[in-house]
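Engineer: Right, I'll just put the structure down here and ask away after.
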Amino acid sequence: MKVAVIGAGNLGMALIKNAMKNTEIIAVRRRIEKAQEMKGVEFANEIEGASEANIFLVALKPHVFRGHLELIGEVVKSKPLISFVAGVRLEEMLKHIENPFRAMTNLGIEERGVVACYPPETAEHLRFLEADYIYCETEDELDAMTSYLGSSPALIAKLFNAFVISALHQGISYNHALKAGISAFQSAAYLYSKYGLEKTIRKIATPGGTTAEGLRQIAGIEKGFIDALISASRRVDEL
């Protein structure tokens, strides 16, 4: 089987690094001379160069994808095409593409990550990826994943960086701060998924202790993070 990735930019390359472990890849990118040679990956600078692929992944910018819908449809024909493009809905794709699906992920997919799919059967065409799946019930939910799955790592990286900076300020070495941060963020996700917020806090915080003081200060940051994610999610409607 061969998989074509149309748009070998940041997200496209992350998908390629994952997929190349299990299948052959045809990567389509405009400036092929800048492509790094990769085992099992063939590069093409024209969409037509991917015609022999069995499955197509699209990771273009929305306006570029819209500008090439007709050509892509002619190349893909009845083969499955999975779009990782924000804001371009199935109804729009179906005007030129016979068998379209939608998905969303983030750059962490280069190693392993989560892929949100709509409709749910999209995942059946992505089994060559080493990933876990979210099966969206509506296309609106998939659109929201653009922010909550696709964009959120950049926002969370800002919070992680704040953690590291504060640790440096308190005399902790960079390497130790990084290791502690990774552990803290992973532990927070695990504890929240198992116990929920209130029980997690009750297990950690003691009256008048360090956790209680930190919680007193974090309310403004929490609201700002919520607002940032909602704003990013609403941006999809403008793409």
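Engineer: Tell me the trypsin sites (Lys or Arg not before Pro) within segment 1-70 that lie in a loop according to DSSP and have at most 15 other beta-carbon atoms within 10 Å. List each step's numbers first, then the result.
Structural biologist: Numbers: sites: Lys2, Lys17, Lys21, Arg29, Arg30, Arg31, Lys34, Lys39, Arg66; in loops: Lys21, Arg29, Arg30, Arg31, Lys39.
Counting only loop positions with at most 15 other Cβ atoms within 10 Å, the trypsin sites (Lys or Arg not before Pro) in segment 1-70 are Lys21, Arg30, Arg31, Lys39.
Engineer: Can you tell me the FRET efficiency between Lys77 and Glu141 if r is taken as the Cβ-Cβ distance and R0 is 22 Å, rounded to the nearest 0.05?
Structural biologist: Working: r = 29 Å, r/R0 = 1.32.
In this case the efficiency is close to 0.15.
Engineer: What is segment 136-211 by shape, rounded, prolate or oblate, if you read a ≥ b ≥ c off the alpha carbon gyration tensor as root eigenvalues and call it rounded for a/c under 1.5, prolate for a/b larger than b/c, and oblate otherwise? Kindly include the intermediate steps, with their values, before the conclusion.
Structural biologist: On the way: a/c = 2.99, a/b = 1.42, b/c = 2.10.
Verdict is oblate for segment 136-211.
Engineer: Please give the length that would be gained between Glu46 and Glu130 if that part of the chain were fully extended, namely 0.36 nm times their separation in residues minus their C-alpha to C-alpha distance (nm, one decimal).
Structural biologist: Details: separation 84, 0.36 × 84 = 30.24 nm, distance 2.73 nm.
Full extension of this stretch gives 27.5 nm more.
Engineer: Also, I was wondering about something else. Starting from the 7 Å offset along Cα-to-Cβ, what nm value, one decimal, do you get for the label separation of Arg235 and Asn22?
Structural biologist: Once both label points are built, they end up 3.1 nm from each other.
Engineer: Also: Nearest 0.05, what FRET efficiency do Thr206 and Ile226 give at R0 = 35 Å with Cβ-Cβ as r? Working shown, then result.
Structural biologist: Numbers: r = 27 Å, r/R0 = 0.77.
About 0.85, to the nearest 0.05.
Engineer: If you don't mind, there's one more thing I want to ask. Select from segment 158-219 those trypsin sites (Lys or Arg not before Pro) which occupy a DSSP coil region and have at most 14 other Cβ atoms within 10 Å, ordered by residue number.
Structural biologist: Details: sites: Lys158, Lys179, Lys194, Lys199, Arg202, Lys203, Arg216; in loops: none.
Of the trypsin sites (Lys or Arg not before Pro), not one in the loops of segment 158-219 has a Cβ with at most 14 other Cβ atoms within 10 Å.
Engineer: Further question: State, as an integer percentage, the relative contact order of the chain based on alpha-carbon contacts under 8 Å between residues 6 or more apart. Don't skip to the end; give the middle numbers.
Structural biologist: Details: 356 pairs, mean separation 35.8, N = 239.
In percent, rounded to a whole number, it is 15.
Engineer: Could you pull out every one of the aspartates and glutamates with an alpha carbon less than 14 Å from that of Lys61, ignoring same-chain neighbours closer than 8 positions?
Structural biologist: Glu238
Engineer: Between (1) 0.97; (2) 1.14; (3) 1.05, which matches Rg/Rh (Cα atoms, Kirkwood Rh) calculated for the structure shown?
Structural biologist: Of the listed options (1) 0.97; (2) 1.14; (3) 1.05, (3) comes from this structure.
Engineer: Right, something else. Would you mind calculating the gained length between Leu178 and Lys61 on full extension (0.36 nm times residue separation, minus the Cα-Cα distance), in nm to one decimal? Let's see the in-between values first.
Structural biologist: Numbers: separation 117, 0.36 × 117 = 42.12 nm, distance 3.28 nm.
Answer, rounded to one decimal: 38.8 nm.
Engineer: Computed FRET efficiency, Cβ-Cβ of Glu98 and Glu121, R0 22 Å: what is it to the nearest 0.05? Please report the intermediate quantities before stating the final value.
Structural biologist: On the way: r = 15 Å, r/R0 = 0.70.
Result of the calculation: an efficiency of 0.90.
Engineer: Tell me which lysines have Cα within less than 21 Å of Lys203's Cα, excluding those fewer than 8 residues away on the same chain?
Structural biologist: Reachable lysines: Lys194.
Engineer: For the chain, what is the mean residue ellipticity at 222 nm derived from helices alone (per DSSP H run of n ≥ 4: -39500 (n - 2.57); sum divided by total residues; nearest 500 deg cm²/dmol)? Please list the in-between numbers first.
Structural biologist: Values: 9 runs with 109 residues, N = 239.
Estimated from H runs of four or more residues: -14000 deg cm²/dmol.
Engineer: Report the GluC sites (Glu not before Pro) located in segment 64-102 that are in a DSSP loop and have at most 15 other Cβ atoms inside 10 Å of their Cβ, or state none.
Structural biologist: Values: sites: Glu70, Glu74, Glu91, Glu92, Glu98; in loops: Glu98.
The qualifying sites are Glu98.
All of the numbers you see were taken from the coordinates with simple rules; none came from a lab. Since we're looking at a predicted model, the values are computed, not measured. Using ideal geometry, Cβ is built from the backbone for each residue, glycine included, and neighbour counts are taken over all protein chains shown.
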